[in-house]
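Rule-based calculations on the coordinates, nothing more; no lab input. Quick caveat: nothing in here was measured; it's all calculated off a predicted structure. FYI the Cβ positions are ideal-geometry reconstructions off the backbone, even for glycines, and counts take in every protein chain you see.
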């Protein structure tokens, strides 16, 4: 009887242990399965978040590129406008200088026409000498006039030369040696006045002292008209 009871007790204990083990195994499996499900959900959510961030990043990149292009266009447009403004200012300043020069010339020529000095002799009315860009480059203007009583054309040629020093010696350089274009004389043909102009380039080590102008009137039978001007005066 006692033996039977012990066996029954052992069986009950064994059944209890088996049940407990099965219960623990079931709980552990449920816990692992629950964690696996949560992990799958988390991975899915992370993937969805990654896709959303990728889409937003693509939008931001596209917007940044569009803004960069617009900024480049604006900067280029600003540069073009600034350059255009500079060009316009320079042209306006140049035109203003030309207008002033023309006004001065008109006033000067009006004065010439209104004068009545008599005779038909050609005169050297004005000599202007100005800097022309380079350190040794100059532009000259010579105005020839004649009394308004004579309406016939007068023709001839003007020769210009410079007297000065070069390497310690006194030298005279002709227009053909000084002009930036091949010319020895300047031809003229006018009734009352005419302006002749050209460019000069002074050789190295040449120091000008005087400007000599000679006017040769064609078919006049008279001596050439010759005048000299101090360089310091015409270049002041």
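Before moving on, here are some points about what is shown:
- Among 83, 138, a tally of other beta-carbon atoms within 10 Å of each Cβ gives an order, fewest to most, of 83, 138.
- Potential extension, residue 69-residue 37 segment - 0.36 nm per residue separation minus Cα distance: 6.7 nm
- Extension reserve of the residue 93-residue 177 stretch, reckoned as 0.36 nm per residue once the Cα distance is removed: 26.9 nm
- As a proxy for reagent exposure, 155, 205 were ordered by neighbouring Cβ count within 10 angstrom, fewest first; the result is 205, 155.
- Applying 0.36 nm per residue to the separation of residue 141 and residue 228 and subtracting their alpha-carbon distance, the gain on full extension is 29.9 nm.
- FRET E, pair residue 127, residue 82, Förster distance 45 Å, beta-carbon r, rounded to 0.05: 0.60
- Sorted ascending by nearby beta carbons within 10 Å, beginning with the fewest, 52, 136, 123 become 52, 136, 123.
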